[in-house]
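To start, the structure itself, in structure tokens.
The values are calculated or read from the model by the stated rules, or taken from the named source; none is laboratory data. Treat the numbers as computed from the prediction; the structure is a model and nothing was measured. A quick note on method: Cβ atoms are made from the backbone with ideal geometry, for glycine too, and the neighbour counts reach across all protein chains shown.
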Amino acid sequence: MKMQKEMRKFCPRCKTYTVQSLALYKRGRDRAGAEGARRHAEDKKGYGGQKFPELKRTAKTTKKMTLRYTCRTCQFKTMKQGLRIRKLEIGG
């Protein structure tokens with residue numbers, strides 16, 4: 001699917017419709033020392049095994065892509081849970 005690189009969208013900080021640039025959100029690397037990761041590692045350790053059943057096969061073939069909009073005037077970033085598509089082409 002092709003989407004525009006820029007579009008007019010409502011900015012909550014400016015409180016008006018402004019031109020915003022579109023980018024695909026990519027999450028950063030998980031921290032190994034985070035509280036949830038340490039807790040999960042503690043649950044997996046020892047003879048008990050996995051606390052919850054591991055997912056063997058997934059039902060969905062695609063993931064929802066998160067879109068990140070950046071306001072051109074104030075640089076405020078808003079995110080929108082996007083579309084479930086295989087490939088997104090920005091600025092086509």
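Quick one: how many residues across the stretch 49-92 are loosely packed, with under 10 Cβ neighbours inside 10 Å and of a type in the set (Phe, Trp, Tyr)?
Here the count works out to 1.
Residue-by-condition table, conditions (1) in contact with a Leu (Cβ under 7 Å, 6 or more places away or on another chain); (2) assigned to a loop (DSSP other than H, G, I, E, B); (3) without any contact (Cβ under 8 Å) to a residue 40 or more places away in the chain:
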{"site": "Lys9", "(1), (2), (3)": "no, no, no"}
{"site": "Gln20", "(1), (2), (3)": "no, no, no"}
{"site": "Arg29", "(1), (2), (3)": "no, yes, yes"}
{"site": "Ala37", "(1), (2), (3)": "no, no, yes"}
{"site": "Phe52", "(1), (2), (3)": "no, yes, yes"}
{"site": "Lys56", "(1), (2), (3)": "no, yes, yes"}
{"site": "Ala59", "(1), (2), (3)": "no, yes, yes"}
{"site": "Cys74", "(1), (2), (3)": "no, yes, no"}
{"site": "Thr78", "(1), (2), (3)": "no, no, no"}
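Against the condition touching a Lys or Arg at 6+ places or on another chain (Cβ under 6 Å) and in a loop (DSSP other than H, G, I, E, B), how does Cys14 come out, does it pass? Explain how you work it out, then say what you get.
Working: touching a Lys or Arg at 6+ places or on another chain (Cβ under 6 Å): no; in a loop (DSSP other than H, G, I, E, B): yes.
The answer is no for Cys14.
Suppose the filter is part of a helix (DSSP H, G or I), modelled with pLDDT under 95 and not small (Gly, Ala, Ser); does Asp43 pass it? It would help to see each step written out before you state the result.
Working: part of a helix (DSSP H, G or I): yes; modelled with pLDDT under 95: yes; not small (Gly, Ala, Ser): yes.
When the stated conditions are applied, Asp43 passes them.
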